[in-house]
Structures are given as structure tokens and as C-alpha cells.
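Novice: I'd like to ask some things about the structure below.
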Amino acid sequence: MFHPLTVARAEPAAEDAVALTLAVPPPLRAAFRHVPGQHLTFRHGALRRTYSIASPAGAGHVTVGIRHLPGGAFSGGAARELAPGDTVHVLPPRGRFTLPPRPGHFAAVAGGSGITPVLSMAATLLAAEPSARFTLLRSDRSAASAMFLDEVADLKDRHPGRFQSLHALTREERGAGLAPGRLDEHRLRALLPALLRCADVAGWYLCGPPGLIDAARGALRALGVPRERVRTELFHAGATPPAPGGAPRPGGAAGTLTATLDGRRASWPVAADETLLTAVLRNRPDAPWACRGGVCGTCRARLTEGRVAMARNFALEESEVAAGYVLACQSRPLTERVELDFDA
Ligand code: FES
């Protein structure tokens with residue numbers, strides 16, 4: 001359920017981005033305790049938007065990073081106006097792109113605002129695990145557009161020897177450091193082994209636009225990194241949210257949808273050309289969703305009966321799909337009876 005939280009601070013995180021810090025009152029501290037890497041869902045009128053948490057876990061407040069996208073319904077408008085004392089409506093943290101602190105060496109490749117969850121991961125890990133290490137390779141258009149530069153520099157100062165970072169700028173010359181240009185697969189295959197011993201990394205976290213994630217995935221595969229050590233989260237670079245649910249598939253079946261949500265199970269009709277989320281929301285307006293574009297994973301549920309066609313999936317790992325998880329916002333029924341468990 002959405003909670004009203006008060007804006008404590010709104011500060012620039014880059015030339016076109018804000019770091020929005022929300023005060024979490026003591027009664028809500030347990031609900032808003034996040035695992036590094038998770039995000040918050042904001043409600044603004046009929047809109048919902050998810051933003052990753054940048055602050056370390058257990059801070060007593062949460063800071064999200066919001067890039068002001070031109071034409072962005074929330075990020076380009078309302079988010080610019082927010083000031084200390086304003087109220088926003090927010091769901092507790094969600095998401096499975098997480099790094100719970102544990103010993104080991106972890107690494108991230110982050111592009112643009114993809115630095116946001118990675119910052120929370122690195123800061124929490126290094127503070128909580130004295131033997132852990134973190135290597136960050138980040139990429140931005142320019143230094144002015146790079147979010148949380150000071151916070152990353154702070155980590156370097158606070159944890160010398162355990163935090164290593166390298167910054168690639170795609171459209172700007174710099175006196176020192178990496179030559180400008182995109183981090184494509186070819187470049188990553190050369191850079192990553194020069195930065196660290198890839199075989200020693202316990203977990204890789206890839207977060208950013210699709211091109212960077214594909215390039216990093218390809219490079220890690222070529223470097224022999226096992227797939228189960230790699231976690232990804234897609235950040236959309238564009239202002240326009242993806243179309244809800246994609247196009248209907250031929251062969252869809254109208255029938256009955258049964259869903260379990262917060263321990264309550266019920267059945268309702270579902271049309272062949274509608275998504276399961278649409279059918280659920282007609283009857284359970286409290287069902288979880290945010291992007292409706294197959295990106296955020298908020299609508300994840302386990303399919304326990306029947307078959308569905310999932311139009312697009314940028315959120316679930318292959319292992320989750322194999323275990324029967326689907327995105328309700330992208331799934332249409334292929335069998336007359338379909339059952340979902342949102343609690344699984
Ligand atoms: S609501 Fe975001 S993936 Fe379904």
C-alpha cells in the first residue's frame with residue numbers, strides 16, 4: 001500500500017537530475033528498510049513511476065535519484081517542483097536486483113542513472129562487510145550529466161583499497177583516464193580483465209540502458225563468467241514508457257483467472273486480448289504494478305495453472321521464468337483456466 005512520505009531534501013544529483021530524500025517516520029522504518037538495489041514506486045495522479053534507492057540501507061531515510069527526462073510525465077514535471085515539506089505517495093521498497101551484504105568481491109557496470117542502485121549496493125556492502133570489495137565501471141555522456149559523482153568519490157576516500165572505480169565518458173574528452181567512446185562489448189572484453197580478476201568476482205551487477213547491458217553480458221560470457229553470477233536491471237533511456245502489454249497474440253483464450261494476492265484467493269473472468277494484470281486490477285485495485293511495460297518487475301507473479309503468452313520481459317531472469325514466474329502486465333491467457341500467485 002502507498003504511504004505518504006515527506007520530502008526532506010531535494011538536491012541536484014547532476015545537471016539534469018535530482019536526489020530526492022524522503023524522511024521515513026519511525027512507525028514506517030521496518031516497511032521501508034530496503035535491500036541495496038531495490039526501488040520505490042511513486043504515485044502521482046494516475047501515474048506510477050519507479051526510482052532506485054541510492055542511499056545505503058538502514059539510513060533512516062531514503063534517497064532516490066530522478067533524471068529529468070524531457071517530456072517525462074513525472075520526472076520532467078512534478079519531480080522538478082518537489083521541495084522540502086512536500087508529500088509524496090510511495091510504495092515500500094521492492095525489486096530483486098539486490099546485493100545483500102556478504103563477504104566477497106563484487107563488481108558493477110553502470111550506465112547513466114543505472115549508478116543509483118549500484119551506489120546503494122557499494123556503500124552498504126563496504127560499510128557492513130570489512131572484508132568485501134567493490135569494483136565499479138560506470139559510463140556517462142559527460143561529467144556534468146553523471147549522477148552522484150561526489151558520493152562515489154566519498155566511497156573512494158572512505159574505503160581506499162576496497163573500492164575501485166573507473167569512469168568512461170561517451171561524449172567528452174578528458175585530460176586523463178579512459179578515452180571517450182561507448183563501452184561496447186569489444187572494449188569491455190579488454191577493460192574488465194585489466195581492472196580485476198573476473199573469475200574472483202562473486203557477483204556482477206549490470207544496470208543501465210539496453211545497449212550497455214547487452215554489451216556487458218556478451219563480454220562477461222566471452223570472459224567465461226558463469227551466467228548465474230550476473231544480475232541485470234534495465235534502465236530506460238527514453239522519456240516514453242513502453243506500450244502496455246505489447247500486441248495481443250493470436251490464439252489467446254478467454255476464460256477464468258484465479259489470483260492469490262496478500263493471502264486472498266479469488267476468480268474472475270479474463271478476456272483473450274487483455275493482460276492478466278488488467279483483469280486482476282478490475283477486481284483487486286491493490287494489485288502491484290508500476291511501469292506496465294515489462295521493465296520494473298513489480299507485477300511479478302507465479303503461474304500455477306495454465307499457460308500464458310508473455311509479450312516482453314526485461315525484468316525476470318531466465319531462472320525465474322523457468323521457475324514459472326511471469327509478468328502479469330505482459331501476460332495474456334492461452335488456456336481457459338489460468339492461475340497466478342502474487343505472494344509466491
Ligand atoms: S508493471 Fe512493471 S513489469 Fe509489469
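Novice: Provide a single number: the residues in segment 189-210 that are part of a helix (DSSP H, G or I) and under 15 Å from ALA168 (Cα atoms).
Specialist: To start, the set of residues in segment 189-210 that are part of a helix (DSSP H, G or I) comprises 189-195, 198-200, 210.
Narrowing further to those that are under 15 Å from ALA168 (Cα atoms): 189-192, 194-195.
So the answer is 6.
Novice: Going by what's in this entry, would VAL270 be described as within 14 Å of the ligand (Cβ to nearest atom) and of a type outside the set (Asp, Glu)?
Specialist: On the way: within 14 Å of the ligand (Cβ to nearest atom): no; of a type outside the set (Asp, Glu): yes.
In short, no.
Novice: Please state which one of ALA168, ALA144 is surrounded by 21 or more Cβ atoms within 10 Å (Cβ to Cβ) and farther than 21 Å from ARG33 by Cβ. Break it down stepwise before answering.
Specialist: Working: ALA144 fails: surrounded by 21 or more Cβ atoms within 10 Å (Cβ to Cβ).
Among ALA168, ALA144, only ALA168 is surrounded by 21 or more Cβ atoms within 10 Å (Cβ to Cβ) and farther than 21 Å from ARG33 by Cβ.
Novice: Being over 24 Å from GLU233 (Cβ atoms), more than 16 Å from the ligand (Cβ to nearest atom) and loosely packed, with under 15 Cβ neighbours inside 10 Å, is that true of even one residue in segment 49-58? Before the answer, list the steps.
Specialist: Looking only at segment 49-58, we keep the residues that are over 24 Å from GLU233 (Cβ atoms), and these are none.
For segment 49-58, residues over 24 Å from GLU233 (Cβ atoms), more than 16 Å from the ligand (Cβ to nearest atom) and loosely packed, with under 15 Cβ neighbours inside 10 Å: absent.
Novice: For segment 31-48, name all the residues that are open to solvent by 40 Å² or more (accessible area, probe 1.4 Å) and under 20 Å from PHE97 (Cα atoms). First the steps, then the outcome.
Specialist: Step one: list which residues in segment 31-48 are open to solvent by 40 Å² or more (accessible area, probe 1.4 Å), which gives 31, 33, 35, 43-47.
Of everything in segment 31-48, those that are open to solvent by 40 Å² or more (accessible area, probe 1.4 Å) and under 20 Å from PHE97 (Cα atoms) turn out to be ALA31, ARG33, VAL35.
Novice: Hey, LEU137 hits all of (1) within 23 Å of the chain's Cα centre (by Cα); (2) open to solvent by 10 Å² or more (accessible area, probe 1.4 Å) but one; which does it fall short on?
Specialist: It is condition (2) that LEU137 fails.
Novice: OK, next. Return a yes/no flag: does segment 65-87 have any residue that is open to solvent by 30 Å² or more (accessible area, probe 1.4 Å), in a strand (DSSP E or B), away from the ligand (no atom under 16 Å from the Cβ) and among the polar types (S, T, N, Q).
Specialist: Yes - at least one qualifying residue is present in segment 65-87.
Novice: Kindly establish whether LEU136 is in the same structural domain as LEU195 (by TED's automatic domain parsing) and in a loop (DSSP other than H, G, I, E, B).
Specialist: Working: in the same structural domain as LEU195 (by TED's automatic domain parsing): yes; in a loop (DSSP other than H, G, I, E, B): no.
Judged against the criteria, LEU136 is not a match.
Novice: For segment 101-111, indicate whether the set of residues that are surrounded by fewer than 24 Cβ atoms within 10 Å (Cβ to Cβ) and in contact with a helix residue (DSSP H, G or I) (Cβ under 7 Å, 6 or more places away or on another chain) is non-empty. Can you show your working first?
Specialist: Applying the first criterion (surrounded by fewer than 24 Cβ atoms within 10 Å (Cβ to Cβ)) to segment 101-111 yields 101-105.
Add one more test, that the residue is in contact with a helix residue (DSSP H, G or I) (Cβ under 7 Å, 6 or more places away or on another chain), and what stays is 101, 105.
Yes, segment 101-111 contains a residue that is surrounded by fewer than 24 Cβ atoms within 10 Å (Cβ to Cβ) and in contact with a helix residue (DSSP H, G or I) (Cβ under 7 Å, 6 or more places away or on another chain).
Novice: Could you list, in sequence order, the residues of segment 76-99 that are under 15 Å from the mean Cα position of the chain (by Cα) and not polar (S, T, N, Q)?
Specialist: From segment 76-99, those under 15 Å from the mean Cα position of the chain (by Cα) are 91-99; that's our starting set.
Within segment 76-99, LEU91, PRO92, PRO93, ARG94, GLY95, ARG96, PHE97, LEU99 qualify.
Novice: Please determine, by comparing only the residues of segment 266-283 that are of a type outside the set (A, V, I, L, M, F, W, C) and either open to solvent by less than 20 Å² (accessible area, probe 1.4 Å) or assigned to a strand (DSSP E or B) (or both), which one is farthest from LEU334 (Cα to Cα).
Specialist: Pass one, segment 266-283, residues of a type outside the set (A, V, I, L, M, F, W, C): 267, 269, 273-275, 278, 282-283.
Narrowing the set further to residues that are either open to solvent by less than 20 Å² (accessible area, probe 1.4 Å) or assigned to a strand (DSSP E or B) (or both) leaves 267, 269, 275.
Details: SER267: 17, PRO269: 14, THR275: 11 Å.
It comes out as SER267.
Novice: Regarding ALA179, is this residue surrounded by fewer than 14 Cβ atoms within 10 Å (Cβ to Cβ) and either touching a Cys at 6+ places or on another chain (Cβ under 8 Å) or part of a loop (DSSP other than H, G, I, E, B) (or both)? Show your work before the answer.
Specialist: Numbers: surrounded by fewer than 14 Cβ atoms within 10 Å (Cβ to Cβ): yes; either touching a Cys at 6+ places or on another chain (Cβ under 8 Å) or part of a loop (DSSP other than H, G, I, E, B) (or both): yes.
Against the criterion (surrounded by fewer than 14 Cβ atoms within 10 Å (Cβ to Cβ) and either touching a Cys at 6+ places or on another chain (Cβ under 8 Å) or part of a loop (DSSP other than H, G, I, E, B) (or both)), ALA179 qualifies.
The values are calculated or read from the model by the stated rules, or taken from the named source; none is laboratory data. Computed from a prediction, not measured in an experiment: that's the story for all the values here. All Cβ positions, glycine included, derive from the backbone under ideal geometry; neighbour counts span all protein chains shown. Each accessible area value is taken on the protein alone, full model and side chains, heavy atoms only, with ligands, DNA and RNA left out. Shrake-Rupley method; radii C 1.70, N 1.55, O 1.52, S 1.80 Å.
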